[in-house]
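Inspection log for the structure reproduced underneath, given as structure tokens.
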Amino acid sequence: MERTFIKDLPQKIGETVQLKGWLQTLRDQKSMQFLILRDNTGLAQVAHWKKGNPELAELISGIGTESALTLTGKVVENEIVKLGGIEIQLETLTVENNAELPLPFEPFAETLPDMDYRQDWRYLDLRRERNRLIFEVQTTLEHAMREYFVKHGFIEMHSPKIMGTPSEGGAEVFHIDYFERDAFLAQSPQFFKQMAQAAGFEKVFEIGPVFRADPSFTSRHMTEFTGVDFEISWIDSHEDVMAFCENWLAYAYTAVKEKHGEQIKETFDVEIEVPQTPFPRLTMSEAYAILKEMDYKLPPEKKGDLDPGAERALGEYVKNTYSNDFVFVTDWPATVRAFYHMRHADQPLLTKSFDLIGKGLELTTGAQREHRYEVLKAQAIEKGLGTELLQGYFDYFRYGCPPHGGLGLGLNRLLMVMLNLPSIRDAVYLFRGPNRLEP
RNA sequence: GGGGGCGUGGUGUAGCGGUUUAACAUGCGGCCCUGUCAAGGCCGAGAUCGCGGGUUCAAAUCCCGUCGCUCCCGCCA
């Protein structure tokens with residue numbers, strides 16, 4: 001018999017159907033048993049008259065909530081039933097996998113254990129519709145992003161995550177044993193996507209894992225997360241990168257709104273709004289002027305930079321002023337940016353770079369890259385980086401590398417912002433942090 | 001790496017110096033119940049109050065240390 005989904009039961013009145021799902025609740029009474037079955041499309045009541053099949057009744061009495069069941073029964077209309085006025089008169093039942101009792105926690109209880117404990121039993125936590133929705137949204141979001149890239153002639157790349165030298169020379173890389181030598185986990189595909197520019201690919205993107213050995217204990221950091229990176233050639237400035245970015249995000253938001261807008265509203269009480277393009281742009285100096293006006297005081301050591309509080313303040317400002325959740329902050333001082341960010345020809349202390357802030361959270365860093373061999377090398381030296389380790393990277397710029405730029409975006413952070421999730425642990429299938437390697 | 005908060009039955013909480021043989025909810029077990037539906041009723045099991053030390057006549061309750069979790073800052077996406 002073919003499987004019927006619970007949402008389709010109203011079309012099956014009078015028929016015998018097969019349902020597959022989990023036991024949400026068992027109400028075991030003297031003469032009747034009621035099983036509430038859950039599949040990914042809804043809940044249905046299954047009724048069993050004990051005297052009609054005492055053996056089956058005994059079997060049912062022994063199954064635990066959350067067990068995986070296959071059952072068959074006749075679909076009947078019954079006004080008394082509060083669950084849609086429909087019930088299944090049970091005929092056969094197979095316990096595919098019984099759930100031991102008691103459960104580590106009840107996924108559908110009103111009060112839930114804290115996040116850390118739920119991580120231990122993540123698969124139970126993920127049975128909640130709310131959590132499945134997050135990953136359905138992620139699927140749509142990622143698919144739309146990829147679709148937009150492909151429509152615009154991008155090549156999708158999969159760069160190595162194991163590297164012989166740290167990708168950006170930073171300290172926060174993971175070391176791993178690699179046969180007789182040391183290796184590192186990629187902090188970003190930055191150098192590889194730039195190599196693709198030298199290769200003449202012109203437009204590339206990559207969606208893949210990135211690793212950061214930061215001992216960060218916040219609601220928005222992970223040691224492994226999904227990075228969405230792209231890089232494009234023959235640009236005139238970082239403006240070209242921002243322009244692509246905002247249209248790309250608006251496209252992705254549109255796809256999510258169309259497919260999940262209603263359910264997101266119901267579940268998270270969040271109205272998905274496709275952001276207005278172009279996004280507001282603030283230069284760093286404009287941002288500082290606004291912060292001053294808002295009376296937000298940056299710590300003195302943050303000179304030329306923004307701290308998370310300043311990002312939240314700017315997020316609030318653009319929401320109030322432009323009704324936009326997004327804002328590009330541009331033209332950051334070279335002192336706080338990576339050596340490979342290109343600087344303005346007429347203002348050598350400022351980079352042609354930007355951050356994208358969404359609802360006050362840093363989502364993206366991007367820039368036009370420095371593609372001139374000598375300038376790039378000089379900037380690395382100026383930052384005090386060892387040029388020997390970077391020589392392989394510098395070599396990308398020796399034989400005809402076009403001007404280019406791009407960005408990296410945290411997919412999980414975008415999900416967080418999109419759905420107003422309180423923690424990045426909600427926006428990732430399995431969290432990886434300084435103290436979390438399981439499951 | 002720095003700072004704050006929290007750690008009580010399986011889970012979520014209450015209690016915050018003596019009236020606590022540690023309470024409540026939920027879950028679990030048993031019994032009862034003309035079809036329940038956030039089911040209901042009765043009974044029961046389950047906690048040396050994270051761990052170690054100290055103060056005190058008396059500590060879940062105060063102090064110190066330690067571990068764990070969590071949030072903020074740093075770092076970033």
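Descriptive notes on the structure:
- Mean Cα-pair separation over length for chain A, i.e. relative contact order, pairs under 8 Å, 6 or more apart, %: 13 percent
- Chain A - Debye-derived log10 I(q)/I(0), Cα point model, q = 0.06, 0.08, 0.14 Å⁻¹: -0.36, -0.59, -1.27
- DSSP-loop GluC sites (Glu not before Pro) across the stretch A:177-208, with at most 10 other Cβ within 10 angstrom: A:GLU180
- The loop-placed GluC sites (Glu not before Pro) in the stretch A:237-276, going by DSSP, that have at most 10 neighbouring Cβ atoms within 10 Å of their Cβ come out as A:GLU271.
- Entries of A:LYS319/A:LYS359; A:LYS7/A:LYS50; A:LYS7/A:LYS30; A:LYS30/A:LYS50 with Cα pairs more than 18 Å apart: A:LYS7/A:LYS50; A:LYS7/A:LYS30
- On a per residue basis, the convex hull of the C-alpha atoms belonging to the stretch A:326-388 measures out at 87 Å³.
- Placing unit charges on each Cβ (+1 for Lys and Arg, -1 for Asp and Glu) gives the stretch A:129-427 a dipole about its Cα centre, and among A:MET416, A:VAL137, A:ALA380 the Cα reaching farthest toward its positive end belongs to A:ALA380.
- In straight-distance terms, cross-link reach from A:LYS151 covers every one of the lysines whose alpha-carbon lies under 24 Å from its own, apart from those fewer than eight places away in the same chain; here that gives A:LYS193, A:LYS203, A:LYS257, A:LYS259.
- Cα-based helix-to-principal-axis angle, A:308-322 vs chain A, degrees rounded to 10: 80 degrees
- The residues of chain A expose on average 49 square angstrom of accessible surface per residue, using a 1.4 Å probe on protein heavy atoms.
- Measuring nothing but protein heavy atoms, the accessible surface of chain A at 1.4 Å probe radius is 52 percent carbon and sulfur.
- Rounded to the nearest 20, the Cβ-based charge dipole of chain A about its Cα centre (Lys and Arg +1, Asp and Glu -1) stands at 160 debye.
- Evaluated with a Cβ-only charge set (Lys, Arg +1; Asp, Glu -1), the stretch A:72-164 carries a dipole of roughly 460 debye about its Cα centre, given to the nearest 20.
- Accessible-area rank, largest first, for A:TYR178, A:TYR340: A:TYR178, A:TYR340, with all protein chains present and a 1.4 angstrom probe.
- Total formal charge among the other residues, if their Cβ is under 12 angstrom from that of A:TYR253, Lys/Arg +1 and Asp/Glu -1: -3
- Shape call, the stretch A:166-285: gyration tensor on alpha carbons, a/c limit 1.5: oblate
- Each label was represented as a point 7 Å from its Cα along the Cα-to-Cβ direction; for A:ALA345 and A:ASN78 these points are 8.0 nm apart.
- Area accessible to solvent at A:LYS7, 1.4 Å probe radius, in Å²: 120 Å²
- Surrounding net charge for A:LEU71, when Lys and Arg each add one and Asp and Glu each subtract one, Cβ distance under 13 Å: 0
- Between the residues A:GLN197, A:PHE230, A:VAL336, the greatest Cα displacement towards the positive end of the dipole of chain A, with unit charges on the Cβ of Lys, Arg, Asp and Glu, is found for A:PHE230.
- By the rule of a C-alpha distance below 23 Å, with chain neighbours fewer than 8 residues away ignored, the lysines paired with A:LYS12 are A:LYS20, A:LYS74, A:LYS82.
The values are calculated or read from the model by the stated rules, or taken from the named source; none is laboratory data. Please read these numbers as outputs of a predicted model, since none were measured by experiment. Because the Cβ atoms are built from the backbone with ideal geometry, glycine has one as well, and the counts that use them run over all protein chains shown. Just the protein is used for accessible areas: all its heavy atoms, side chains included, with ligands, DNA and RNA removed. Shrake-Rupley method; radii C 1.70, N 1.55, O 1.52, S 1.80 Å.
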